[in-house]
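Asker: Got a structure here, written out as C-alpha cells. Questions coming.
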Amino acid sequence: MTHRPLGKDIAWLPADLEDQDRWIHVLTPAEIADVDQALKAAQKAGRSIETLTRESFPLTVLPETLQRTVDRLENDLGLYVLRGLPVEPYTKDELRLIYWGIGLHMGTAVTQSFKGDVLGDVKDFGQSASTASGRGYMSKEDLGFHTDTSDIVSLFVLRTAKSGGRSLFCSSVAVADEIRRTRPDLFDVLQQPFFWHWKGHEQPGEKPYYQQPVFTIRDGKFSSRWVATHILSAQEFPEVPRLSDVQIEAMKLVNSLASDPRFHTSMMFEPGDFQFLNNHVVYHARTEFEDWDEPDRKRHLLRLWLSVPNTRTLDEGMKAIYRDVNGGAVRGGFPSHTDQLVFETKASEF
C-alpha cells in the first residue's frame, strides 16, 4: 500500500498543550450574562427542552466563542474547553436547558443509543462496561482510550466526584503517525477493515456486526474510530473471522501508545466546564472515581454528541457507522428504534 501523508491534521503531544489559551477559554462576565439572559428568554416564552429552538435561546455575545470552538475542533488540536459557567444558581432542569441551547447554536445533536437519547447523563448508575449491555458512562469504572460515534463529543460538568474521574485525552493523529513511522506494516493493517460488534444498535434485519477500519485518510484529513472492546466482542460470533496475529499486534500498539504519558495528557474537571472533542482526531479516557454518598453530591455530567457544519468528508470505509460520509452532514449516532427523543437518561431504560 502506498503511504499517504497524514496531512492537514495536527499530531500534538502533551507539551503542545502548555499554552492553555490555545484550548481553554474562560467565559467572560458578558458571555455568562448572555447565557443567563438566553435562559430567561426561553423560560419567558414557555419553552421546555423538547420545544427549545436556536431562535428561542437567543445568544448574542457567546456565538463568536462557539464559532471559534467549532473551528479549533476541526482545524487545530481537536479539543476545546469552555470554563467558568456558575452552576450553583441554577436548577438541574435549567442547566439541561442551557446546555441544549448552547448545543443548538453549535450544530445538531445525534442519538447516543437506539433508545433515542440525545442528552445523556454521565453518572454512576451501577452498570459495568464489561457486560453485554453495559454502557461505560453509566459506571464509575475507568474507561480506556476510545472514541464516541459522532463527529464531536461534548461534556458539561454539573458536579465532580469525591475523588478520581480524571479526563485523559490524546491525539490519535500522533498515535497513527508514530505507528506509520515505526511500524508501517501495522499502519497498513489498521487501514484495513476489522469486524465490529453493533452492541445491540443494529437496525432490524441487519447482522449484529459490521466492518470498518481503525484508520482512514480522505482528502488529506485523517479519521480514526477506536473502541477496542467492540472489535474484541465481535469475536463472539462464530461466522466472524478470527483476529489475525498482526491485527492483535496492531490493536495492542494503538492502546499502548495512547496509554503512554508521552502521548496523552489529562485534566480534572471543574463544575461549569464544557469539554468538546473531535472524535476523528482525539481519543479520550477516564480514570475510575469514588463518589459521594449523598445523592445530591454525586458526580454528574451531561453529554451531547454533535454534528457541526464544518466537519470533514470521511472515507467510504466509515460509512457503516456514520451512514453519510459527506463533510458537514448530520451523521453518526445510533439510529433510534423509536420516534421519541430522550432528554434524560434513566438506568432502568438501558
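Asker: Give the residues of the stretch 202-222 that are of a type in the set (Val, Ile, Thr) and more than 16 Å from Ile10 (Cβ to Cβ), sorted by residue number.
Answerer: Within the stretch 202-222, the first condition is being of a type in the set (Val, Ile, Thr), and the residues that meet it are 214, 216-217.
Result: Val214, Thr216.
Asker: While we're here: Keeping to the stretch 308-325, report how many residues are of a type in the set (Gly, Ala, Ser) and at pLDDT 95 or above.
Answerer: As a first pass, look at the stretch 308-325 and keep what is of a type in the set (Gly, Ala, Ser): 317, 320.
Checking which are at pLDDT 95 or above leaves us with 317.
Going through the stretch 308-325 one residue at a time, the tally reaches 1.
Asker: Separate question: Note down all Cβ pairs under 7 Å where the first residue falls in the stretch 168-187 and is over 20 Å from Gly78 (Cβ atoms), the second is modelled with pLDDT under 95, and they're at least six residues apart or on different chains.
Answerer: The qualifying pairs are Pro184/His3.
Asker: Let me ask something else about it. Within the stretch 66-91, how many residues turn out to be touching a strand residue (DSSP E or B) at 6+ places or on another chain (Cβ under 6 Å) and either of a type outside the set (A, V, I, L, M, F, W, C) or exposed (fewer than 14 other Cβ atoms within 10 Å of the Cβ) (or both)?
Answerer: The number of residues fulfilling the criteria is 6.
Asker: Can you list the strands (runs of 3 or more DSSP E) found entirely within the stretch 206-306 that contain at least 1 residues being touching a residue at least 40 places away in the same chain (Cβ under 8 Å) and hydroxyl-bearing (Ser, Thr, Tyr)?
Answerer: Details: elements: 209-212, 215-218, 221-224, 264-267, 274-278, 282-286.
Where strands (runs of 3 or more DSSP E) fall fully within the stretch 206-306 and carry at least 1 residues being touching a residue at least 40 places away in the same chain (Cβ under 8 Å) and hydroxyl-bearing (Ser, Thr, Tyr), they are 209-212, 215-218, 221-224, 264-267, 282-286.
Here is a yes/no grid of residues against (1) of a type outside the set (A, V, I, L, M); (2) more than 23 Å from Tyr99 (Cα to Cα):
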site: Lys221; (1), (2): yes, yes
site: Val240; (1), (2): no, yes
site: Ser259; (1), (2): yes, yes
site: Gly272; (1), (2): yes, no
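Asker: Checking the condition hydroxyl-bearing (Ser, Thr, Tyr) and either at pLDDT below 95 or outside any strand (DSSP E or B) (or both), which residue from Tyr80, Tyr99 passes? So that I can check it myself, show each step before the final result.
Answerer: Details: Tyr80 fails: either at pLDDT below 95 or outside any strand (DSSP E or B) (or both).
From the options Tyr80, Tyr99, the qualifying one is Tyr99.
The values are calculated or read from the model by the stated rules, or taken from the named source; none is laboratory data. Given the structure is predicted, the values throughout are model-derived calculations rather than measurements. Heads up, the Cβs are rebuilt from the backbone with ideal geometry, glycines too, and the neighbour counts pull from every protein chain shown.
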